[in-house]
């Protein structure tokens with residue numbers, strides 16, 4: 001009896017510590033995957049043929065898994081793989097299926113355009129369930145996809161999402177008639193399924209910054225504000241940037257000379273304060289300087305360019321001020337300039353001309369005392385709390401700011417009173433939203 | 001329900017010192033594991049703690065320029081400073097006037113207890129040129145040949161000036 005009790009206790013301990021381990025690796029508990037290129041297109045098709053003798057549940061499972069795996073293989077080698085064999089060719093393709101197929105084309109084109117390559121991958125399936133109703137079936141399965149991509153990051157990328165399939169049984173067996181995933185944008189009821197215009201979306205994604213025309217800044221910002229077309233990375237969720245919350249924070253803290261959460265540097269605290277305002281706008285609260293919406297080294301590594309956390313730096317840049325995105329005005333300008341929809345952190349851009357003309361509440365302004373604003377010249381950061389006049393023709397008298405280090409005289413000091421520089425001395429970082437896991 | 005109750009009661013009746021020792025051991029292991037996790041977290045944040053708050057180390061002086069000089073030269077006391085050399089310090093009358101105008105009757109002045117009289121009679125802006133070399137792995141401050149404005153207030157009683165704020169330092173071509 002004693003032995004039995006000891007056994008039970010030990011078993012409970014094992015379960016407990018096992019749970020803790022699983023929580024730590026979060027999503028990496030499935031390690032016995034296969035490389036999607038380890039099977040040829042014929043192999044994938046043979047799986048389909050061989051499964052015809054299996055139970056209907058297993059047939060459907062094999063079709064779903066083969067569709068996903070061969071689609072992943074197609075992204076890597078489109079000339080050698082095709083996923084259309086699993087689709088019901090007797091039916092008109094639904095918008096969902098068109099979207100799904102174009103998603104894989106989009107990923108392939110995007111990686112090519114960025115000169116990225118998936119060098120290896122591993123795919124694992126679990127949580128399969130199916131409901132069969134005569135010739136119709138509804139199946140769901142969860143894919144855990146780990147891959148090495150030459151995107152400049154050392155760590156593997158990982159993605160986990162649930163697919164939901166509708167299938168129809170024909171003479172040759174089950175075929176897919178519809179497929180969706182639980183990607184957050186697809187779960188949005190307003191999401192419009194349609195085939196992605198791969199060429200133009202990729203072109204915009206890749207050239208969105210180099211094609212910048214300062215005269216059309218606002219339009220460019222909107223064109224950057226693209227829907228998320230199943231961008232391949234860790235699953236990132238959109239965090240809204242609420243400028244009211246950011247301004248409220250600025251009101252409460254513009255006169256700080258100490259801050260129990262973020263600390264205070266009397267020599268230079270301007271960007272620390274501006275980052276705090278952005279943090280609050282992105283939903284930041286509480287006393288952790290490393291919890292989202294911050295992006296600490298603990299999450300992305302000490303050599304990632306998107307580190308954005310108080311008193312933390314990356315080793316990514318050789319020009320060291322850019323390594324301190326939370327605290328250094330040059331670092332923050334660079335962070336926003338580089339921000340993407342596929343990396344964690346605040347997302348937007350930095351503009352080095354016409355900054356005042358297009359200033360908006362929630363922007364972070366900076367100036368270069370030398371009059372040539374750029375990511376390596378800006379000297380001081382300010383947070384925009386109010387604007388008047390017309391976008392496109394604002395002056396420094398129509399922009400109000402709150403800032404530290406030569407503090408603003410209120411949370412709404414007119415920029416022309418604060419600094420005597422002309423508009424051309426200023427740069428503007430725009431925060432549209434944040435992306436986080 | 002009664003069966004569960006009976007099983008639990010039976011189980012408790014059978015627990016003896018030996019079982020308690022095993023349970024205690026298991027608990028100790030679990031607590032140690034959890035403490036380890038917490039300490040790792042603390043370790044992560046403590047790495048960055050030394051510069052969480054960073055204030056000027058200044059020596060109040062009846063000469064506002066000397067107060068600024070002391071603050072700059074005392075930067076060498078900080079672990080992140082590799083070298084510092086003050087080049088030039090002077091009172092900037094124009095910036096003094098401009099900033100008095102900005103702060104007079106302002107919300108910030110009220111919050112900081114700066115009266116109109118304080119601002120008109122006991123507020124001054126000092127400008128400094130200096131060279132600083134900071135360890136950029138430890139601190140985010142701009143370094144090189146710099147200029148910076150310092151805002152000082154004079155103590156009514158001892159007439160000494162202290163730095164109450166300053167602008168960001170900006171690099172200049174030497």
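Remarks
- Where a label projected 7 Å from the Cα of residue A:237 along Cα→Cβ would reach, residues of region A:257-288 with amide N under 19 Å: A:279-288
- Nearest-ten-degree value, helix B:2-14 long axis tilted from longest Cα axis of chain B: 90 degrees
- Amide N of region A:341-357 lying under 20 Å from the label point, which is placed 7 angstrom from the Cα of residue A:433 along Cα→Cβ: A:341-350
- With contacts taken as Cα pairs under 8 Å at a separation of at least 6 residues, chain B carries a relative contact order of 19 percent.
- Helix B:93-103 vs. chain B, principal-axis angle (Cα, 0 to 90°, nearest 10): 50 degrees
- Within chain B, helix-based [θ] at 222 nm, where runs of 4 or more DSSP H residues each add -39,500 (n - 2.57), nearest 500: -14000 deg cm²/dmol
- Note on B:27, A:110: ascending count of other Cβ atoms within 10 Å places them as B:27, A:110, the fewest first.
- When A:143, A:194 are arranged by Cβ crowding within 10 Å, least crowded first, meaning fewest neighbours, the order is A:194, A:143.
- Folded to 0 to 90 degrees: helix B:64-73 orientation relative to chain B principal axis, Cα: 40 degrees
- For B:100-108, mean number of other protein chain Cβ atoms within 10 Å: 4
- Note on A:359-369: average number of Cβ atoms from other chains within 10 Å of each residue's Cβ is 1.
- Note on B:129-139: average number of Cβ atoms from other chains within 10 Å of each residue's Cβ is 2.
- Of the residues A:132, B:15, the one with the fewest other Cβ atoms within 10 Å heads the list, and the complete ranking is B:15, A:132.
All of the numbers you see were taken from the coordinates with simple rules; none came from a lab. Please read all numbers here as calculations on a predicted model, not as lab measurements. In this analysis, Cβ positions are derived from the backbone assuming ideal geometry, glycine residues included, and neighbour counts consider all displayed protein chains.
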